1. State to the nearest 20 debye the size of the charge dipole of the chain about its Cα centre, where the only charges are +1 on K and R beta carbons and -1 on D and E beta carbons.
2. Between LYS5 and residues 5 or more places away or on another chain, which pairs have amide H atoms under 5 Å apart, with H built 1.01 Å from N, and which residues are they?
3. Suppose R0 equals 30 Å. What FRET efficiency, 1/(1 + (r/R0)^6) with r the Cβ-Cβ distance, do TRP171 and LEU124 give to the nearest 0.05?
4. May I ask for the Kirkwood hydrodynamic radius of the chain, worked out over all distinct Cα pairs and given in angstroms to one decimal?
Amino acid sequence: MNYAKIYECDIANGPGCRTSLFVSGCTHHCLNCFNPETWDFSYGKPYTQETEDWLINSLKPNYIRGLTLLGGEPMEPENQTVVRGLVERVRRESPHSDIWIYSGYTWEELIDKGNNRCHSGDTLPILSLTDVLVDGEFHIREKDITLKFRGSANQRILDVQKSLEKGEPVWAPYA
């Protein structure tokens, strides 16, 4: 997996001060995407053990609330093995950190075991370790700059653990 950038102290992609990892690779190609360069899976820098160590260390200060994964598309099957390893490590080594994932895939697409476009053996383990999923492609016709933590009205901010428990999407209190 490659990544486009890492932001320390990001306050735009989830609540509080966060570390955000923008992964490379996306097949959605949303019209007016704010990061079209990240559509290319080879864009940016290789994600290495040093990158992951740096990310884990960036979560240690008590003013960092959590980790946000976005892109690109963290839930592309090509990215999921690395994403799974990272979220597992965050849960082990930084259990106070919450984990947010932005995905163009919807909740329903991700949990559909028959959906080969985005579901892999890593999908449910990733979701089981995720606190919040902002799901759905960006739709320029539904763009709304007044929305908190999302760019278009079709996107949802979901409480992943409650959604898994209920077996249906449950909105998170951030919406």
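1. Numbers: 18 positive and 25 negative charges, 73 e Å.
Using only the charged Cβ atoms, the result is roughly 360 debye.
2. PHE22
3. Numbers: r = 20 Å, r/R0 = 0.68.
The pair TRP171/LEU124 has a calculated efficiency of 0.90.
4. Values: mean 1/r = 0.0625 Å⁻¹.
In the chain this quantity evaluates to 16.0 Å.
Laboratory data are not the source of any read-out in this text; all were calculated from the coordinates shown. Here the structure is a predicted model, which means the values were calculated and not measured. Positions of Cβ are generated from backbone atoms using ideal geometry, with glycine treated the same way; all protein chains shown enter the neighbour counts.
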